[in-house]
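Structure record follows, encoded as structure tokens.
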Amino acid sequence: MSEVKMIAVVGGGQMGSGIAQVAAMNGIDVFLHDLDPQALSKASSSISSSIHRMVSKGTISQTAGVDVLKRLRFTSNLEDFHTADFVIEAIVESEDVKKSLFVKLDKITKSSAILASNTSSISITRIASSTTRPRQVIGMHFMNPPPVMKLIEIVRGADTSDDTFAATKALSERLGKVVITSQDYSGFIVNRILMPMINEAFFTLYTGVATKEDIDTGMKLGTNHPMGPLELADFIGLDVCLSIMRVLHTGLGDNKYAPCPLLVQYVDAGRLGRKRGIGVYEYSQEPRSTKS
Ligand code: 3HC
């Protein structure tokens, strides 16, 4: 595949807007799509404020900042994707919703386009099976927040071709990221290891072993993690953590992946983490690092 000139990102949430920002900052034209115009305007203002912050801190020049913003276009019309070389889907973690989007993308995009999913745990092989081009479907899992985190986990579906893998790896490196490669099994690499740790932190809290503060301080200072596991769960979203635990539990068929009842209860109560202002902790205002 020749060099990617135009990327299309579907989903204007925290991940989609962060991915669009990373692409634009690395000289690539980007279309960011969301069905909800309000989500698009939120994405646009959070990217702008992130870029302005970098300009004011001197991380990038004023001219570079203006250029980044010029490379971004926002749309609610998927048909705009017909010129894209590479599509990255970052919508809700639902297999059915993703599959129906991929059916549309398969029809709209040019036949050479690669269709990537930022899914955190759903099978790439099954998403690919909804298209007529499974060889050109791949997992491209960014970490949150995409502008800061150095890693992209590339997931090869059963039919992903070597060319698709090579093009995705080259693009990831062009975005300044380090690549790891996973086969297509539940949770891939990062979430297979991270989510059971977060789930265990919930069990530690649930069974009264320690306070939430001591659990987080223990892991921050004891193992040099930037955030404790409960703080990180709030940052990721408790609903996302629960959904990934359920994928691990079903997909790997082992009871050690059963979600902690406390995590389930928090999600049932709408305590979804920072995005809702309450999760394991309460937040008086949305912290800066969740805004873009
Ligand atoms: N966009 C752009 N830049 C951002 C940002 C964002 N959303 N959030 C933070 N930054 C930048 C800040 O501007 C700052 O830049 P500087 O060093 O040039 O001044 C730098 O990142 C540090 O930010 P802050 O000072 O605001 O805050 P912290 O030092 O506390 O860092 C953090 C925030 C980067 C989020 C850090 O706490 C961290 O690394 N936490 C762990 C995050 C993590 O583990 N992510 C992976 C989650 S798992 C995942 O995503 C997989 C999924 O499938 C669930």
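The values are calculated or read from the model by the stated rules, or taken from the named source; none is laboratory data. These figures come from a predicted structure and were not determined experimentally. All Cβ positions, glycine included, derive from the backbone under ideal geometry; neighbour counts span all protein chains shown. Each accessible area value is taken on the protein alone, full model and side chains, heavy atoms only, with ligands, DNA and RNA left out. Shrake-Rupley method; radii C 1.70, N 1.55, O 1.52, S 1.80 Å.
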Average Cα contact separation per residue, region 50-156, under 8 Å, 6 or more apart, as relative contact order %: 20
Tally of Lys pairs whose C-alpha atoms are under 29 Å apart, taken over region 91-217, 8 or more apart or cross-chain: 19
Accessible-area composition of region 199-286, carbon plus sulfur, in percent [1.4 Å probe]: 50
Solvent exposure of region 193-243 as accessible area per residue, Å², 1.4 Å probe: 47
Residue among LEU194, VAL92, TYR206 farthest towards the positive dipole end of region 89-215, charges placed on Cβ: VAL92
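Relative contact order, percent, of the chain when contacts are C-alpha pairs under 8 Å separated by at least 6 residues? Let's see the in-between values first.
On the way: 517 pairs, mean separation 42.6, N = 292.
Relative CO of the chain lands at 15 percent.
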Estimated dipole of the chain in Debye, rounded to 20 [Cβ of Lys and Arg +1, of Asp and Glu -1, Cα centre]: 500
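Provide, as a two-decimal number, the C-alpha radius of gyration of the chain over 2.2 N^0.38 Å, N being how many residues it has.
On the way: Rg = 19.0 Å, N = 292, 2.2 N^0.38 = 19.0 Å.
Taking the Cα Rg and dividing by 2.2 N^0.38 Å, one obtains 1.00.
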Relative contact order [Cα under 8 Å, 6+ residues apart], region 180-292, whole percent: 25
Per residue value of the accessible surface for region 68-187 (all protein chains in place, 1.4 Å probe), Å²: 41
Heavy atoms of MET143: accessible area, 1.4 Å probe, square angstrom to 10: 30
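Could you order ILE60, ILE154, ILE193 so the one with the most accessible surface comes first? Probe is 1.4 Å.
ILE193, ILE60, ILE154
Rg/Rh for region 179-292 to two decimals, with Rh computed the Kirkwood way over all alpha-carbon pairs. Write out the running numbers ahead of the final one.
Values: Rg = 14.0 Å, Rh = 14.5 Å.
For region 179-292, the value is 0.97.
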In Å², nearest 10: area of ILE180 left accessible to a 1.4 Å probe: 50
VAL178 accessible area, 1.4 Å probe, all protein chains in place, Å² to nearest 10: 90
Residue among ILE236, GLY176, MET140 farthest towards the positive dipole end of the chain, charges placed on Cβ: GLY176
Highest-MSF residue in the chain out of SER94, SER129, SER76 [GNM, Cα springs under 10 Å]: SER94
Cα long-axis angle, helix 212-223 against the chain (0 to 90 degrees, to the nearest 10): 70
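What per residue convex hull volume, in Å³, do the alpha-carbon atoms of region 99-145 yield?
Spelled out: Cα convex hull of region 99-145, divided by residues, is 76 Å³.
Within the P(r) computed for region 49-189, what percentage of the Cα pairs occupies the region above 20 Å? Working shown, then result.
Values: 4979 of 9870 pairs.
When every Cα pair of region 49-189 is considered, 50 percent fall beyond 20 Å.
As a test of reading the structure, rank PHE31, PHE203 by solvent-accessible area (1.4 Å probe, protein chains only), most first. Walk me through the numbers before you get to the answer.
Values: PHE31 25, PHE203 60 Å².
Descending accessible area places them as PHE203, PHE31.
Within the accessible area of region 9-98, what % is carbon and sulfur when the probe is 1.4 Å and the other protein chains stay in place? Don't skip to the end; give the middle numbers.
Numbers: 2100 of 3940 Å².
Carbon and sulfur together cover 53 percent of it.
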Cα centre as origin, Lys/Arg/Asp/Glu Cβ charges: region 137-292 dipole, Debye: 320
Choice from PRO147, PRO134, PRO226 showing the highest fluctuation, given a GNM over the chain with Cα pairs closer than 10 Å: PRO226
Quarter of Cα convex hull surface for region 1-122, i.e. mean projection, nm²: 7.5
For region 1-64 versus region 207-268, the gap between their alpha-carbon centres in whole angstrom: 30
